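The values are calculated or read from the model by the stated rules, or taken from the named source; none is laboratory data. Not measured: the values here are computed from a predicted model. Positions of Cβ are generated from backbone atoms using ideal geometry, with glycine treated the same way; all protein chains shown enter the neighbour counts. Remember, those area values only see protein heavy atoms, side chains included, never the ligands or the DNA or RNA. Shrake-Rupley method; radii C 1.70, N 1.55, O 1.52, S 1.80 Å.
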Amino acid sequence: MSATSTLAMTHLVPLAKELDENKVTPGVLGFIVFALIGGAVWLLMKSMNKHMKKVDFEEEPEAGQTAAAASPKAAPGTKGERTA
């Protein structure tokens, strides 16, 4: 170990002894980070809801299916009809 790391360790060891292991908390910085993450999630949810309201979920039938569904006759190729 170098002299600098030894000197740093001698200064940090008394600080570690003063801390109560049962009362260590994240502190103000932890609260700020947590609040920022919560705010970001809230803004993302708000934006997602705005974009989801613009989405149209109704599917339009395909052109071939509309003609077959509208006519009472069977579509070509079904129930005995032959197609060339």
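With respect to the stated conditions, T78 is surrounded by 10 or more Cβ atoms within 10 Å (Cβ to Cβ) and either assigned to a loop (DSSP other than H, G, I, E, B) or at pLDDT below 80 (or both).
Remark: pairs (first residue in region 30-55, free of Cβ contacts under 8 Å to residues at least 60 places away in the same chain; second residue open to solvent by 90 Å² or more (accessible area, probe 1.4 Å); Cβ separation under 8 Å; 6+ apart in sequence or on different chains) = F34/P26.
For the residues A70, A40, the requirement of being surrounded by 10 or more Cβ atoms within 10 Å (Cβ to Cβ) and either at pLDDT below 60 or within 25 Å of the chain's Cα centre (by Cα) (or both) singles out A40.
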